[in-house]
1. Given the criterion modelled with pLDDT of 95 or more, more than 19 Å from the chain's Cα centre (by Cα) and over 18 Å from T24 (Cβ atoms), identify the matching residue among R96, R74, R144, R119.
2. Within segment 90-111, track down each residue that is within 19 Å of T76 (Cα to Cα) and either of a type in the set (V, I, T) or surrounded by fewer than 16 Cβ atoms within 10 Å (Cβ to Cβ) (or both).
3. Working carefully through the options I55, I75, find the one that is closer than 30 Å to R171 by Cα, in contact with a strand residue (DSSP E or B) (Cβ under 9 Å, 6 or more places away or on another chain), of a type in the set (A, V, I, L, M) and buried (at least 20 other Cβ atoms within 10 Å of the Cβ).
4. Among the residues of segment 238-264 satisfying the criterion of being touching a Leu at 6+ places or on another chain (Cβ under 8 Å) and part of a helix (DSSP H, G or I), which is modelled with the lowest pLDDT?
5. Which members of segment 183-202 meet the condition of being of a type outside the set (G, A, S), crowded, with 16+ Cβ neighbours inside 10 Å and either within 15 Å of the chain's Cα centre (by Cα) or assigned to a loop (DSSP other than H, G, I, E, B) (or both)?
6. Looking at (1) in contact with a Phe, Trp or Tyr (Cβ under 8 Å, 6 or more places away or on another chain); (2) crowded, with 19+ Cβ neighbours inside 10 Å, which is the one condition that is false for F49?
7. Looking at D148, D164, can you tell me which residue is under 27 Å from Q198 (Cβ atoms), in contact (Cβ under 8 Å) with a residue 40 or more places away in the chain, of a type in the set (D, E, K, R) and surrounded by 14 or more Cβ atoms within 10 Å (Cβ to Cβ)?
8. Look through A157, A178, A138 and report the one residue that is aliphatic (A, V, I, L, M) and at pLDDT below 90.
Amino acid sequence: MGDSTTRALGRYARYFNSVEGNTTFYGIPDSVSVNRWQTEVPDTFRFCFKLPQTITHQHQLRHCQPLVTEFLDRITPLQPRTGLISIQLPASFSPRQIDTLALFLQQLPDQWHYSVEVRHPDFFNKQHEEQTFNRLLAQYQINRTMFDTRWLFSEPADDLATQDALQKKPRLPLHVLATGQQPMVRFISALHWQSTNQWLTPWLKKVLQWIDEGRTPYLFFHTPDNNEAPLLAQHFCQLLEAERPALKNPLDWPDVMQQQSSLF
């Protein structure tokens, strides 16, 4: 991450209090980057790093403890500023591998918080497979990542960004539940996000419910090209502040929210 991107992270952290660390999905960051990220954000900021794909996709959670240890050791300076370690599993990882997942979760260090994202359809069948998965996560107080792509697929525009997103994002049922204390939601909108309220309004009630239960939800907002993702996130924050003024950001939003650059 270069100097310009680091400065972008600092600007982002003035208005938002968490970010998805997608770069770590593609490899373990070097120590210079880790130390730089630490200086760019306040103590209240939280990173949500993805486990490297070598662990989740190539090894599929098997025989990879040295890689997990190496990754967590590398980001240890950021532990006080880390909200979740995200375990994003490929669509090929099915409930037939639940024992592998159970063993992997059992061996994770308990000083971190984790979230698991699954993409195999059988994890959404409301039958024994999904129930077993949910019980496993609840046993270890690990969060189930909720991926809301309903709006993206309900208005499939013809632009290249949307068509690319339709190919890459999962079209799966949305099952809303908190299996841990830090529920994680990934919301993917259509390219024209301005008419999003019918999809966002139910999330307002759920987020406030989680907060009232003493949970700490993490919400991340995406548009197909992510250029205006900060605007969508800003819009949701303003809706949330209208419902619960005590949650208002002490800093005023800038008149024009800068389009998102590559932070990670």
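1. Exactly one residue qualifies, and that residue is R96.
2. The answer is Q107, P109, D110, Q111.
3. Values: I75 fails: closer than 30 Å to R171 by Cα.
After applying the criteria, what remains is I55.
4. L247
5. In the first step, residues of segment 183-202 are kept if they are of a type outside the set (G, A, S); the result is 183-188, 191-194, 196-202.
Filter once more, so that each one left must be crowded, with 16+ Cβ neighbours inside 10 Å: 183-188, 191, 193, 196, 199-200.
Selection gives P183, M184, V185, R186, F187, I188, L191, T196.
6. (1)
7. Result: D148 is the single residue among D148, D164 that is under 27 Å from Q198 (Cβ atoms), in contact (Cβ under 8 Å) with a residue 40 or more places away in the chain, of a type in the set (D, E, K, R) and surrounded by 14 or more Cβ atoms within 10 Å (Cβ to Cβ).
8. Result: A157 is the single residue among A157, A178, A138 that is aliphatic (A, V, I, L, M) and at pLDDT below 90.
The values are calculated or read from the model by the stated rules, or taken from the named source; none is laboratory data. Here the structure is a predicted model, which is why all the values come from computation and not from measurement. Quick reminder, even Gly has a Cβ in these numbers, built from the backbone with ideal geometry, and neighbours come from all protein chains shown.
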